[in-house]
1. I'm told residue 119 meets every condition in (1) modelled with pLDDT of 90 or more; (2) in a loop (DSSP other than H, G, I, E, B); (3) within 39 Å of the chain's Cα centre (by Cα) except one. Can you identify the failing condition by its number?
2. Suppose we filter the stretch 422-471 for residues that are of a type in the set (A, V, I, L, M, F, W, C) and open to solvent by 60 Å² or more (accessible area, probe 1.4 Å); how many remain?
3. Residue 245 fails exactly one of the following numbered conditions: (1) among the aromatic types (Phe, Trp, Tyr); (2) assigned to a strand (DSSP E or B); (3) under 30 Å from residue 99 (Cβ atoms). What is the number of that condition?
4. Is one or more of the residues making up the stretch 103-114 open to solvent by 10 Å² or more (accessible area, probe 1.4 Å), in a loop (DSSP other than H, G, I, E, B) and out of contact with any Pro (no Cβ under 7 Å at 6 or more places or on another chain)?
5. Do we find a residue being open to solvent by 60 Å² or more (accessible area, probe 1.4 Å), out of contact with any Cys (no Cβ under 8 Å at 6 or more places or on another chain), closer than 30 Å to residue 146 by Cβ and not charged (D, E, K, R) anywhere in the stretch 18-26?
6. For the condition at positive phi, assigned to a loop (DSSP other than H, G, I, E, B) and open to solvent by less than 50 Å² (accessible area, probe 1.4 Å), what is the one hit in 195, 240?
7. Among the residues of the stretch 27-41, which ones are open to solvent by 60 Å² or more (accessible area, probe 1.4 Å) and part of a strand (DSSP E or B)?
Amino acid sequence: MVPDVGRGARTYGLLVYLYGPGRREEHVDPHLVGSWDGFAPDPGRDTSPVPDPRATLARLANALDLRVKQAGARAPAEHVWHCSVRTAPGDRPLSDAEWNSVARRLVQAVGLVPDGDPDGCRWVAVRHAEDHIHILATMVRGDLRRPRMNYDFKKAQAECRRIEQELGLRRLKAGDGTAAKNPTSAERFKAERTGRDETPRDTLREAVRHAVAGAADEAEFFTRLRDKGVRIKLREAPSGDTIGYAVALPGDRNRAGEPVWFPGSKLAPDLSLPKIRLRLTGTVSDGAAGERATATGRTDWSPTARGRRIATGAAEHAALALDNGNDEAAAQLVGTGELLDAVAQTSPAATRAELAAAVRTFERATRSHIRAEHADARALRSAARGIIHAGSALGRGEDGATTAMLLSTLVLLTLAAAHWRSARGHAQQAEASRQTAQHLRAAYRQAATAPLRTLHAQGRAMPAAERQKYEANIRAALPESASPRPDGERHHDALAATLAQARAAGHDPDTLLQQAIDMRELDSADNVNDVLVWRLSRLTALPAHPTAAPSKPQGWPDDPKAAVSSHSPNRKRKRTAALISRSAEQSVASSPAFQRKRGVSI
């Protein structure tokens, strides 16, 4: 049940709208379901011998405004309190009597009619649709004083949560006052008239978020905004320093022909210039630098693939920070939002819609009253910047596979964010994180289809005995809670093929598999085998999209440690095998999981 509170100065004008046909003829059978005394005239159900709805409407407006006129200059300029109350989609229809009870409880909760007070304000509740009512009250009491209306919206919200529970309606999440401001009705209707898919406020909010994602400094932020075609107006102090900004869409003008400007703080609380400046600080963190060094060591990867691999490592570090449960991890959520923005801007067409939905949903998850130390999100911001500068992914080959790798990690990151928010009672942000994970899962399934198909084919092409050995090792290593479903046999093919590639590169597959399992919990994974495939690819710096089936070097033994045989006369072969074995040990020792086991901070 959602209340929407507003104030105005025209009692009669609002009643004309409530009893009228609506802007799209959507008002059906408008009538009163409640009033201050139960005897207010009802223009929708006029039972007089000669019904005159207009005259009845005027009588109702005069009755509501009686005390306003008596108060004269002491009455507030905006004396009309208006609240629409709507049930959630899927809720059962409420009867008129139930809506009457809802209206009485709300005017009492916000202070218009205190319980047992005969001098409460006058009010009516009008129903012209099945799923909502409108409450109109005039804010002058019977003793001609003003009612105490502090925090009326919060009080209405709290009462709606209690009503939902008592009436068995869908229980919405309690807010904390950090949500972005919704477009007004006037903005929505104007967007419809001008043929826009969304209001200018929504378009500008998304443009500002895209511009700040990964921006190095304030100048780059404003340059990106201008490149998107957004008009910018800077607010300067007498000293000449910039202290604020406002944005407008070209062609969006008011009745006077002037641009409609939106200050950043009116788009969202975290988009004011001071808060954006807090985010535009710092450089790459040590963790991201390590990931960058690993990724840039490969010359056969495109800049897009490298950027996504670096971002995957940063996302894994962020998930670990959220798992630790400290309040300082709030910065990781802000950085995750920027990373999602960057991925959505550069995503292939196949995943663009789901990623755009994920960005819009996760926006709510990034805001709360917990202060974020933005320096802690430097790795994520740097990764976002790298993705944007690398350009759009093609959606195939290594670029497409690393996109799937990154999306798989982002799913786990957003689920960690949901758990972190739930532990602090941030219900709306936790739900937004869970919804984001669903959008990311849908995008992942689209991105991962091609690379996993290649790996499945390679796994099926392996000799039966070799494949069975890998499958036995996989089943033995996986915890029982993370074991695949019985119908998921073919999912082992991709994981077996990846392990075979790791072995051909000189790694011990059993050790690597255990490292990948130990990196982080697997209970929240939608497909355990897929998650392990991407973890192995990143641990070993193997291509995420192989183009040929892995093959063992000629004479490759079952045990990599036995590669150097004391009976081999070929000293060159001994030296090569030793180098391979040493490379494998170094890769294991430098992996995040191995370092955690040794107590090394990562």
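The values are calculated or read from the model by the stated rules, or taken from the named source; none is laboratory data. Owing to the predicted nature of the structure, the values given are computational and were not obtained by experimental measurement. Every residue, glycine among them, receives a Cβ derived from its backbone with ideal geometry; neighbour counts consider all protein chains shown. When the accessible area is computed, the model is the full protein with side chains, heavy atoms only, and any ligands, DNA or RNA have been set aside. Shrake-Rupley method; radii C 1.70, N 1.55, O 1.52, S 1.80 Å.
1. (3)
2. Restricting attention to the stretch 422-471, the residues satisfying the condition of being of a type in the set (A, V, I, L, M, F, W, C) are 423, 427, 430, 432, 437, 440, 442-443, 447-448, 450, 452, 455, 457, 461-462, 464-465.
So of that shortlist, the ones also open to solvent by 60 Å² or more (accessible area, probe 1.4 Å) come out as 423, 461, 465.
Total satisfying the criteria: 3.
3. Unmet condition: (3).
4. yes
5. Checked against the condition, which is being open to solvent by 60 Å² or more (accessible area, probe 1.4 Å), out of contact with any Cys (no Cβ under 8 Å at 6 or more places or on another chain), closer than 30 Å to residue 146 by Cβ and not charged (D, E, K, R), the stretch 18-26 yields no hits at all.
6. Working: 195 fails: open to solvent by less than 50 Å² (accessible area, probe 1.4 Å).
The conditions single out 240.
7. none
Rundown of residues vs (1) in contact with a His (Cβ under 6 Å, 6 or more places away or on another chain); (2) farther than 29 Å from residue 73 by Cβ; (3) at pLDDT 95 or above; (4) open to solvent by 40 Å² or more (accessible area, probe 1.4 Å), yes/no style:
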residue: 128; (1), (2), (3), (4): yes, yes, no, no
residue: 137; (1), (2), (3), (4): no, no, yes, no
residue: 142; (1), (2), (3), (4): no, no, no, no
residue: 157; (1), (2), (3), (4): no, yes, no, yes
residue: 160; (1), (2), (3), (4): no, yes, no, no
